[in-house]
Each structure stands twice: as structure tokens, then as C-alpha cells.
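To start, the structure under review is shown below, and the notes come after it.
No lab work stands behind these numbers, since they all come straight from the coordinates. Everything numeric here is computed off the predicted structure, so don't read it as measured data. No Cβ is skipped: glycine too gets one built from the backbone with ideal geometry, and neighbour counts run over all protein chains shown.
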Amino acid sequence: DAGVTQSPTHLIKTRGQQVTLRCSPKSGHDTVSWYQQALGQGPQFIFQYYEEEERQRGNFPDRFSGHQFPNYSSELNVNALLLGDSALYLCASSSTGREETQYFGPGTRLLVL
Amino acid sequence: GQQLNQSPQSMFIQEGEDVSMNCTSSSIFNTWLWYKQDPGEGPVLLIALYKAGELTSNGRLTAQFGITRKDSFLNISASIPSDVGIYFCAGLNNAGNNRKLIWGLGTSLAVNP
């Protein structure tokens with residue numbers, strides 16, 4: 001039973017570029033949440049997807065967008081990258097009604113130069 | 001974004017010692033979670049608490065949901081070197097279909113063998 005997987009593991013971009021990160025949830029899970037974790041900080045909630053729609057959103061600008069596919073996998077897109085977007089981006093999956101029990105992937109470390 | 005107050009920020013202990021850390025909030029939560037994050041990995045769920053006053057154990061780990069619903073505690077007994085990592089608390093108040101976990105800043109634990 002595969003856990004949550006994310007790709008790529010590491011990424012280097014320059015300011016102004018766009019990036020797409022990918023996540024496959026744990027088998028049996030239908031809900032995907034995305035978090036940004038800056039160095040030395042706890043994860044910050046970006047948004048959550050369920051039934052291919054954004055269900056809840058944190059305090060992130062519209063440059064951050066996402067998508068969920070029929071197989072429950074998800075993408076996080078960030079446009080017009082800023083230096084401050086450098087962080088570990090975590091994907092977590094859960095089941096409907098048990099959103100508090102989230103299983104995390106290893107993350108994608110994004111560096112914006 | 002909103003974060004919980006987690007203390008201590010860091011701990012350096014001898015192998016075999018017991019460890020205590022806590023998390024407080026100005027808001028009420030109806031779920032408290034404790035995660036551990038190793039370097040380069042996503043957080044791993046250790047213990048979930050769903051009821052005020054609840055005391056739950058997972059091996060050498062014990063966590064309690066505070067009576068006021070505004071705090072939680074995690075204890076680790078007889079620490080071992082593999083306990084090293086960053087421990088995060090997270091709270092959820094899912095009233096109104098809110099699904100956003102609020103995180104502490106983490107407690108960094110170092111164990112001297």
C-alpha cells in the first residue's frame with residue numbers, strides 16, 4: 001500500500017517563473033491538502049481539494065492554484081514565483097469525514113533564485 | 001497565518017530521560033494532533049485526540065487533550081536516539097465545516113546517547 005507520493009523531490013526556479021508540483025494520495029483517500037513549510041516553521045495550510053474542487057483555502061494569494069483529478073491525485077501551481085515562495089511544499093491526504101487524520105508525503109523542496 | 005504556541009522551542013536531553021512538551025491556543029479546538037517530522041520528510045501522525053480530558057498512549061508516547069480544549073501535552077518516556085526530530089502539535093475546530101489544521105512552530109528534540 002503506497003503512501004502519499006510527491007514529485008519532484010527538489011526544484012530550483014527563478015523569480016517570475018511558474019511551477020507545478022504533483023501529489024498522489026494514499027490508497028483509499030479522496031481528499032488532498034497542500035501546505036507550505038518555511039524553514040523553522042510549522043506547515044501553513046494553502047488549500048484542500050475534494051471531488052475535484054477547492055473546498056477550503058488558507059491565506060495565500062491567487063498565484064497559488066490547484067487541481068484535483070478524477071483519480072484523486074492533485075497538482076499545486078504557483079505563478080510569478082517570488083523569493084519568499086522558497087519552502088518545503090507538503091501534500092497530505094485524508095478520507096472524507098476524517099480530515100483531521102492526514103498522512104503527509106515527503107514534500108517538494110522549492111528554491112526560488 | 002495563525003499558529004499555536006508550542007513550548008519548549010528545543011530540548012537537549014540524555015538518552016533514557018523523559019520529555020514533556022505542550023501546546024496552547026487562544027481558541028478552542030475539538031481535535032488535537034501530535035506529529036513528528038524527521039529531516040527531509042513530511043510529518044508523521046503520532047497521536048490524535050478527540051475529546052477534552054482524553055489521555056492517549058502510543059508506545060512510549062502519551063498525549064492529553066486539555067480540559068479547557070485550549071491546550072494539549074505530549075510526553076515521551078525513556079527517550080532513545082531515534083526520538084530525535086521536530087514534534088509539532090496541530091489543532092482543528094471543524095465547526096462550520098472548517099477543515100484547516102492550525103500548527104505550532106515545533107519542538108526540536110535532540111537526544112544524547
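The table below gives the values:
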| quantity | calculated |
| --- | --- |
| Estimated dipole of chain B in Debye, rounded to 20 [Cβ of Lys and Arg +1, of Asp and Glu -1, Cα centre] | 560 debye |
| Straight-distance crosslink candidates among aspartates and glutamates, where the alpha carbon sits under 20 Å from B:Lys51 and sequence neighbours closer than 8 are dropped | A:Glu99, A:Glu100, B:Asp71 |
| Between the range B:69-113 and the range A:70-93, the alpha-carbon center distance in angstrom | 24 Å |
| Protection-proxy order for peptides B:76-88, A:21-33, A:94-106, each taking the mean of Cβ atoms within 10 Å per residue, highest first | A:21-33, A:94-106, B:76-88 |
| Calculated from backbone phi, Karplus (6.51, -1.76, 1.60) coupling profile of the range B:21-30 in Hz, x at Gly/Pro | 9, 9, 9, 10, 9, 7, 10, 7, 10, 10 |
| Neighbouring partner chain Cβ atoms per residue of A:83-92, average, 10 Å criterion | 1 |
| GNM result for chain B, Cα springs below 10 Å: residue of B:Leu61, B:Leu74, B:Leu33 fluctuating most strongly | B:Leu61 |
| The range A:45-55 - phi-based ³J(HN,Hα) in whole Hz, Karplus 6.51/-1.76/1.60, Gly and Pro as x | 5, 9, 6, 10, 10, 8, 6, 6, 10, 6, 9 |
| Other-chain or far-sequence residues with amide H under 5 Å of B:Ile47's (modelled H) | B:Trp34 |
| Reach of A:Lys13 by Cα under 13 Å, taken over aspartates and glutamates that are not fewer than 8 positions away in the same chain | A:Asp85 |
| J(HN,Hα) series, the range A:34-39, from Karplus relation 6.51 cos²θ - 1.76 cosθ + 1.60, nearest Hz, glycine and proline x | 10, 10, 10, 10, 7, 4 |
